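What follows is one structure encoded as structure tokens, with my remarks underneath.
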Amino acid sequence: MSTQLGETAEFSGHSYSLEHDRRTVFIALTVISLVGTVLFFLIRKPDPENVLGEEESCDDQDMEATESAQNNVTKAVDAFKKSLKLCVTREMLLLSVTTAYTGLELTFFSGVYGTCIGAVNKFGTEEKSLIGLSGIFIGIGEILGGSLFGLLSKNNRFGRNPVVLLGTLVHFVAFYLIFLNIPGDAPIAPVEGTNSSAYIRPSKEVAILCSFLLGLGDSCFNTQLLSILGFLYSEDSAPAFAVFKFVQSICAAVAFFYSNYLLLHWQLLVMVIFGFFGTISFFAVEWDAAAIVARGSDYGSI
């Protein structure tokens, strides 16, 4: 009896420690997202006058440095005001849905999925080593997709929609395979792991394939999101990218918070819903961008 009480107390203490750590990380991610947004406000275009200032005297340089610091603060405030105005525009609201999806799936493939793989005891003694291998194949997918679609976007006559659609299909296939291959209680399994089974016998090869698909699909979304933001907001790139990173970071933090409470199939369902509506919203913005091209803008150079 005393042994059982001791084990219960130890488990409760361990659970409290994990909960405290997760809250700390959640708060840290939220703060980092806010700080990162402020730093984006400070990004500005190079001032040609600064080049001439290098040839002046030290006193003039000190004066220019002071004025430059004041200008940075002023421009940061202006960028913040512009970002608030951008947040309520139709294009940015639609793109925020897509950006929110990238934040949710970022947390999933960078942390939750590796944890799920490591919690499946039926992978044998190699389940822990699969976590590192999963990360490697996620990186391979990211590099391959980023290189391929980054080069193709230079001479893409069909726009960005096909790449985003490909990313959606790749992710949905990966989610379906994960649903079949990984037990539903894997995200909330104890330290000892889970002996539950999904709908098929857990396969290491399928798990690693899903890692590659997650990285490939993520690169599809990120390359096209960055491309369309640079196209639509070429004159206000700093506020636009600040909003992008802010929404993505907040959603990543939210996903990290609920990942320890929801079963795997519910987490996959949330991403499928956001992925579907995020793809539709991106299509709508891309069609608007195509209309801009029809009026004579240089779309192919993005």
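The values are calculated or read from the model by the stated rules, or taken from the named source; none is laboratory data. All of these numbers come straight from a predicted model, not from anything done at the bench. Positions of Cβ are generated from backbone atoms using ideal geometry, with glycine treated the same way; all protein chains shown enter the neighbour counts. Only protein heavy atoms, including side chains, enter the accessible area calculation; ligands, DNA and RNA are left aside. Shrake-Rupley method; radii C 1.70, N 1.55, O 1.52, S 1.80 Å.
Taking the Cα centre of segment 130-211 as the origin, how large is its charge dipole in debye, to the nearest 20, when only Lys and Arg (+1) and Asp and Glu (-1) carry charge on their Cβ atoms? Result for segment 130-211 is approximately 440 debye, rounded to the nearest 20. Solvent exposure of E126, expressed as accessible area, is near 90 Å², computed with a probe of 1.4 Å over the protein chains only. Computed over Cα pairs, the Kirkwood radius of segment 155-282 leads via Stokes-Einstein (0.692 mPa s, 37 °C) to a diffusion coefficient of 200 µm² per second. Residues in segment 120-273 average 46 Å² of solvent-accessible surface per residue, probe 1.4 Å, ligands and nucleic acids excluded.
Ordering F149, L84, I117 by the projection of their Cα atoms onto the charge dipole of segment 80-191, which places +1 on the Cβ of Lys and Arg and -1 on the Cβ of Asp and Glu, puts L84 at the extreme positive end.
The charge dipole of segment 170-289, taken about its Cα centre with unit charges on the Cβ atoms of Lys, Arg (+1), Asp and Glu (-1) only, comes to about 340 debye. Taking the 1.4 Å solvent-accessible surface of segment 137-217 as the whole, the part contributed by carbon and sulfur is 69%. Extension gain, V73 to L93, is 4.5 nm, computed as 0.36 nm per intervening residue step minus the present C-alpha separation. Sorting K204, K82 by solvent-accessible area of protein heavy atoms yields K82, K204, largest first, with a 1.4 Å probe. Distance between the pseudo-spin-label points of L144 and S129 (7 Å out from Cα toward the beta carbon): 2.2 nm.
Of the residues V191, V164, ranked by 1.4 Å probe accessible area with the largest first, the sequence reads V191, V164.
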